[in-house]
Amino acid sequence: MLSLETVPLTDEHRADCADLLAQRFARQRAAEPLLPEIVDFAAHLPQTGVVALRGGKLVAYVAGDVRGDVATFGFAGCAALVPDAIRDCFATVAAEWGVRRFSVAVPVFEHELIDAWFRLAFGCQFIWAVRPAEEIELADVGVQIRPGTSADLDAATALDQLLLDEQAGSPGFSDLEIPSPQALRAEWSRVLDNTDLYTHFVAERDGRVVGHALLYRRPAGNLRVPEASIDLAQLVTLPEVRGSGVGRTLADHATTYAHLNGFSSLMTEWSSLTLGASRFWPRRGFRTQYLRLYRAL
């Protein structure tokens, strides 16, 4: 068998890389139709990376950039005709880029590609998912769902703080810096005022806000976000009402709202280390599109 050679990604390789990416994405869309239609794959390729050649033929690439102290390979960051060659590409790029933390987005349907990254000691950190928008009859669980208003600023801030605190605990141990209460309140004030991008709902029980959901009109343009899609960007309920149907009702309300307002799909994302979220979202019909795999040395 001819040996592999790894070399920097240059303009002469871009057409072949784009072809590998197009083949990969065609397989993705065959398995998950709620992905965007892409015409120009070369436009999505990162500028820097490494390709693997065998007998002069390009058989794999890894491409991305360094953001802070993390090398990030996004939705177009890797594709392979020979999946194991991903390991050779990574070995080369990791030696050259001088960082010790790495993040890669891998299609959930590319099992051999995922296996190659796992054998490089990457682990699953994050999930990107999608589901169709549709009208759902809401169950009667003793809550009223209504649009959020500026009067709900304190409740929204407290619910977001609850989520951040949970993510910082076990087993997630998130090292993301938690904003101060003042910064969190200012951010939510901005969100609630921006009704062009955000739609906020709260769940009330006996006149008390016990949960909320936030929809976000995310711009399309990458290999994940289809046209006419909206993000279910956050859904949080108070611990004492979990298991009573409040979260399910908020999610079903958001799914119905999306359908009635001309959106064909909803997207969401969650940390695979957040136990509640990783069980809740698949039960609400969300299908995994991509895994974010992560390695820190």
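The values are calculated or read from the model by the stated rules, or taken from the named source; none is laboratory data. Here the structure is a predicted model, which means the values were calculated and not measured. Cβ atoms come from the backbone with ideal geometry, glycine included; neighbour counts cover every protein chain shown.
Below, the figures for the structure above:
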| quantity | calculated |
| --- | --- |
| Residue identified as at pLDDT 95 or above, closer than 22 Å to Arg279 by Cα and assigned to a helix (DSSP H, G or I) among Leu250, Leu214, Leu235 | Leu250 |
| Filter result for the condition that a residue is in contact with a strand residue (DSSP E or B) (Cβ under 9 Å, 6 or more places away or on another chain) and closer than 17 Å to Ala60 by Cβ, over Val106, Val99, Val130 | Val106 |
| Close pairs from segment 100-125: first touching a residue at least 24 places away in the same chain (Cβ under 8 Å) and closer than 22 Å to Phe25 by Cβ, partner of a type in the set (Ser, Thr, Tyr) and buried (at least 21 other Cβ atoms within 10 Å of the Cβ), Cβ under 7 Å, at least 6 apart | Ala105/Tyr290; Val106/Tyr290; Pro107/Tyr290; Val108/Tyr290 |
| Subset of segment 17-55 (residues that are over 27 Å from the mean Cα position of the chain (by Cα) and at negative phi) | Ala52, Leu53, Arg54 |
| Filtered residues of segment 1-31 (kept if small (Gly, Ala, Ser) and at pLDDT 95 or above) | Ala15, Ala18, Ala22, Ala26, Ala30, Ala31 |
| Qualifying residue in segment 256-272 (condition: touching a Lys or Arg at 6+ places or on another chain (Cβ under 6 Å), in contact (Cβ under 8 Å) with a residue 40 or more places away in the chain and under 21 Å from Pro107 (Cα atoms)) | yes |
| Residues of segment 260-287 satisfying the condition of being among the polar types (S, T, N, Q), modelled with pLDDT of 95 or more and either assigned to a helix (DSSP H, G or I) or buried (at least 17 other Cβ atoms within 10 Å of the Cβ) (or both) | Ser265, Thr268 |
| Single residue of segment 221-240 satisfying the filter (closer than 15 Å to Ala251 by Cα and of a type in the set (Val, Ile, Thr)) that is surrounded by the most Cβ atoms within 10 Å (Cβ to Cβ) | Thr237 |
